[in-house]
1. Would you check if there is a residue in segment D:227-236 being closer than 17 Å to D:I171 by Cβ, more than 10 Å from every other protein chain (Cβ to nearest Cβ) and surrounded by fewer than 23 Cβ atoms within 10 Å (Cβ to Cβ)?
2. Say we look at segment B:131-159 and pick out the residues that are of a type in the set (S, T, N, Q) and within 18 Å of C:Y248 (Cα to Cα); which of these is surrounded by the fewest Cβ atoms within 10 Å (Cβ to Cβ)?
3. Quick one: count up the residues across segment A:15-30 that are more than 14 Å from A:T50 (Cβ to Cβ) and either modelled with pLDDT of 85 or more or touching a His at 6+ places or on another chain (Cβ under 8 Å) (or both).
4. Within segment C:61-79, does at least one residue satisfy the condition of being more than 10 Å from every other protein chain (Cβ to nearest Cβ), more than 27 Å from the chain's Cα centre (by Cα), of a type in the set (A, V, I, L, M) and at negative phi?
5. Could you tell me whether C:N210 is within 14 Å of chain D (Cβ to nearest Cβ) and within 19 Å of C:V81 (Cβ to Cβ)?
6. Is there any pair linking a residue in segment B:161-172 that is free of Cβ contacts under 8 Å to residues at least 12 places away in the same chain to one that is open to solvent by 60 Å² or more (accessible area, probe 1.4 Å), with Cβ under 9 Å and at least six apart or on different chains, and which?
7. Scan segment B:69-82 and give yes if some residue there is at the interface with chain D (Cβ under 10 Å from one of its Cβ atoms) and under 24 Å from B:Q185 (Cβ atoms), otherwise no.
8. Which of the numbered conditions does D:I135 fail, given that it passes all the others? Conditions: (1) β-branched (V, I, T); (2) open to solvent by less than 40 Å² (accessible area, probe 1.4 Å); (3) within 14 Å of chain B (Cβ to nearest Cβ).
Amino acid sequence: MTSVIRTRKLVKTFSKGLRALDEISMEVKKKEVLVVMGPSGSGKSTLIRTFNGLETFDSGELEIVGIPLHSDHNERNVREIRKRVGMVFQQFNLFPHLSILENITLAPIKVQKQNRIEAEEHAMSLLSQMGIITQARKYPSQLSGGEQQRVAIARALALKPELLLFDEPTSALDPERVGEVLDAIRSLAEKGMTMVVVTHEVGFAKEVADKVLFMDSGKVIETSTPEVFFTNAKHERSRKFLNQIGE
Amino acid sequence: MRRFLVGMASMSLLLGGCATTSEVNQSRLDLIKERNELVCGVSGKIPGFSFLESDGRYQGIDVDICKAFAAAFVGNPDKVQYRPLTAAERFTAVRTGEVDLLSRNTTVNLSRDSSGGNGLTFAPVIFHDGQGLMVKRNSRINNINGLARKSICVGSGTTTEQNINDAFEAISLPYTPIKYQDLDQVIQGYSQGRCAAMTSDRSQLAAARSSFASPKDHIILEDVLSKEPLAPASLGGDQKLSDAMRWVIYSLISAEEQGITKDNIDEKLKMAKENSQLKPLRRFLGVEGDLGEKLGLDNDFVVKVIRATGNYGEIYDRHLGPDSDVPIPRSLNEIYTKGGVHISPPFN
Amino acid sequence: MRIKRYRGLFIQVIVSTLFISIVALFINNLSVNLLRAGLGLNFSWLFRSAGFALAEHPLPYSPSSSYAWALFMGWLNSLKVISSSLLIATLIGFLVGFASTGTNTLLRILSKLYVTLIRQTPLLLQLMFWYFVGFLSIQGEIFSPIKGMLSLSNQGIILSGINLSPEFSSLLVGLGIFTAAYISEVVRGGINSVPIGQWEAFRSLGLSENDGLYKIIMPQALPAILPGLTSQYLNLAKNSTLAIAVGYADIYAIGDTVITQTGRAIEGFLLLLLSFLLLNLIISNLMELLNKYILTYKQR
Amino acid sequence: MNKKHNLFPYIRRIAFSNSLDTCITLFILLAVFLLSTITIKWLLFGADWAVVIQNYPLYAFGLFPADQRWRPALWLLLLISLTIITLVGPRWRWLRKLLPITWIGVIPLGIVLLSGGLGLLPVASRYWGGVTLTIFLTTCSSLLAFPLGIILAIGRQSDLPLIKFFSSIYIEALRAVPLIAILFFGQLLIPLFFPIGVEINRVIRAVLAFTLFVSAYVAEDIRGGFQSIPKSQEEAAKALGLSKLQITQFVILPQALIIALPALTNQAIGLLQNTSLMAILGLVELLGISRSILANPLFIGRYMEVYVWLAGIYWLICTVMALLASHLEQKVTIEKLTIKN
């Protein structure tokens, strides 16, 4: 199996000398689902954001979907990576001035130069896959949080990515809306999408993850299968964390 | 490559807009002909001289002078662009080339005419005026001394402003000038009682008084503060234009001297053409000789001018004559044969 | 990264070359045109005598004073009318702002009416109205409650012995009322930016509306009001140049006269720009001080 | 019946809730009554409206030749009907789609109708005046200032230091100077910066001066819009692989414009009022032509009538513009920009 993400000794230091990433080495293989967990400020968001070039790093090696990225942050490579990697944010970040359909077709038309009709057809099929096809002509502000996040997933999928990144996709949702979004992600996993998901949803991790990566203070503490991690974590820090979130 | 070409194109455009010193010597007259239109700076707010009619046309003696120039320069009295100017902006407008010339009741004086001053050149005087003061009859003021410590309404940026200043300095009395941009505001300020007196050229005082509800309540004082010879002006150093302007004005005066009018010009022209012994008339009307050419104008420019506006006397009567809205006696403004001061040098 | 840097550099070089060549072209044309008119750029004329009188001058001035001194008088006149109409505008503006957020419906309607009427007509027209219709058409003294203390006539306002000319008065009233309409909107916006909960809180504590407004709401609204207020003050300063339309000798009017008399258009214009810059600096620095003072006061 | 029953307590609550309020209310009622009787009396009996009635064409069209007046009239009429159509908000989709294009098309149409050409008799710009010129100056300047303002705003946000520097200098310099100084420069000093022979039409120079002035303010308004858009929008767009230019074009700018819309419409209204400053510098727009009319010996001293009449016209046009603007704002904001998250 080929690896989709591979990092070696990735280091990022913030201006105050704080290490957000401390020699991170890891790998994600094709069709694998990796769940990243850790207390807030542990660097998990920074890590996932380096995977599509939203954050730069100071040293180490990073290879995403076969494209190398160095600390010089080569613009051309970053854009190539972004075309092939989708991302879903905590705050949805839909474009409020565009309709749902326009939100989804913007990148395919402008970045991949697809023609409009083709892009719209694809978008509609993605929306029906997400179960929100009736909302296509509405604007983001007219949708609920859960619906908005599903639009965001459809938007990320529209570029037919080889890798999907989720940065706490359910943290900003009302509790009763979390399920619908997790269901959508789960169905993607079943179809064999390679994914990295930052989340606190233990149930989801147990069920969907192939591997769980636990971070603290910018370091990878442990990488295990969910069975091991949730029942018999190797590290003291992991156990303490699981205790705190009530697991 | 495309970017480079665009860059080159814009650079060459820039260079095209670049002035060179050779243009320093070009006459404004050529520019006017090229443009086929005269840009004439007028006041637009002085009754009798230049003001706007309800039908939207400018009228007045200054406006007719513009028409005469246009008739001579481009052959058509209607090819004039009237540019209303405030007193304060008029010289800047000439200097920057905003207007070709001024026909805006402008007083001739040394500092305006000289190259060390405003750097203008003046055409012959078209109206001899004098600055005066108007007060309300019931104010019991009968000379300038009575105006000490009073406020006086005056137009800003005018010689009027300097003259009133000189007049009060001469008698060592203080006064307060209230300055406005336009004559109509000066009139308004005075009539509303902001000032005890208004000062301006006596012709304008007369015009203002005639517009009041009861003209008899106002008197124009006997004091004449200054000579105000009013003349058209252009930028100094442009002999071609200033010569042309000078002789257009003289042609108006000369025509009145010879009794040539708008009505009889064709008759006179016919006479000149038929009688080769009438040398001066033939030269004047351009039937013989090259007087016009010497000025850079058509030889028959006088004919065009008289056809357009009539002679000086006709222009005067139209706007300032007894039947006009602003009647002002001709007195000094008669031609020399009738006791006035207007005289034209010979057209030789 | 490298490619990107070079492209950025390239664009910058192109734009600045274009900019500099346009400026150079204009300067070339200017010098040619000045040569044609027989003028060079110099400022020695500033010290020649001006030869015109001024109706209002805060310091001794006579027609034999220099052009520079005349311009300085104009600048002081500007400062005088700006500072006094600034006070009036602030006073009226805050009152109307309070009225428009207050409880009296009639007052609210009236202040709304005032704001729309003033904001939907040009200032120049308003100034000319105040001068030619407002002040000059007064016949005799119409308003003189206390003899010698305050009187209103077509000779202006007399306020406890100080005589304000009609030109100054109409500018004062016109600018004041015009700017007040804008200030009242700034004040209203500031007050509305305070959460409604704060009103409910002080009412539930039994404070009166006035006490609540001054002690609870205004301290919180002021930081939101100050930036808007500053820009309105700067607008007022700029708008004061319309003085020329009512015959008040401010810096622009005198600059205009000086340019006409001397023909020094470019030099005169540069001096005008410089004096505006100075006025702007004074106002924005004073407001900065005020801002700091309020912030520290609040923290205490 | 029921309503009438409740009226008295209602009035008491809004106007007479305490003694101070009662005093204020009574005072205002008295003042309003006195003022309105004086005003109405003057309007009906005191004023002499000849100065207005005899000069209608001048106020409307300036010195435009009488037999050609249908051209500016047609243009103004078109503007009015377009305004009404936009205000009503047509039901048909195709008409709605056509509206923005029509609005943009109004400018070249106006230029052709006013200046002639294309088979129409040429009319030089010196004949333009009155309301026509006021509206022309406003529409042309605002349409030109809008894209220039956008470019300046983007320039000021740029990563390139020189571009940022030039844009900032331009914006700050023009905002520090009074409009009349810029117009003075445009009318009287600009010719000094061009070679003789190159003459730019006065109306165009005025339009240019207004454009330069307003664009600095427009730039600041749009920059305010830029700054209020959360950083996450840019990140989301980046994550989709959009280029920097594309992000500005499709994501940031449209949102910034919607946010800046109220400020921008205020600029347009301010611009219309500021065109009156050209009266000081000799263009005969609405205020200028009125000053010329007041110099006619027949009408000297009729200031009050003319000013009241002018105030009425300006107020009407500005109010219509404000209505149009708030209508547009509502339409755009309600649908799109109430971000809940």
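1. Here is the first cut: in segment D:227-236, the residues closer than 17 Å to D:I171 by Cβ are D:227.
Next, only the ones that are more than 10 Å from every other protein chain (Cβ to nearest Cβ) stay: D:227.
Retained after the next criterion (residues that are surrounded by fewer than 23 Cβ atoms within 10 Å (Cβ to Cβ)): D:227.
Yes, that holds for at least one residue.
2. Going residue by residue through segment B:131-159, those that are of a type in the set (S, T, N, Q) are B:131, B:138-139, B:142-143, B:145, B:151, B:156, B:158-159.
Now drop any that are not within 18 Å of C:Y248 (Cα to Cα), which leaves B:151, B:156, B:158.
On the way: B:S151: 20, B:S156: 26, B:T158: 26.
My answer is B:S151.
3. The initial filter retains those residues of segment A:15-30 that are more than 14 Å from A:T50 (Cβ to Cβ), namely A:15-18, A:27, A:29-30.
Subset that is either modelled with pLDDT of 85 or more or touching a His at 6+ places or on another chain (Cβ under 8 Å) (or both): A:27, A:29-30.
Going through segment A:15-30 one residue at a time, the tally reaches 3.
4. No.
5. Values: within 14 Å of chain D (Cβ to nearest Cβ): yes; within 19 Å of C:V81 (Cβ to Cβ): no.
No, not satisfied.
6. As it stands, the answer is B:E169/C:S64, since those pairs meet every condition given.
7. yes
8. (3) is the only condition that D:I135 fails.
The values are calculated or read from the model by the stated rules, or taken from the named source; none is laboratory data. The shown structure was predicted, so the numbers you read here are calculated from the model rather than taken from an experiment. Using ideal geometry, Cβ is built from the backbone for each residue, glycine included, and neighbour counts are taken over all protein chains shown. Just so you know, the surface numbers come from the protein's heavy atoms only, side chains and all, with ligands and any DNA or RNA stripped out. Shrake-Rupley method; radii C 1.70, N 1.55, O 1.52, S 1.80 Å.
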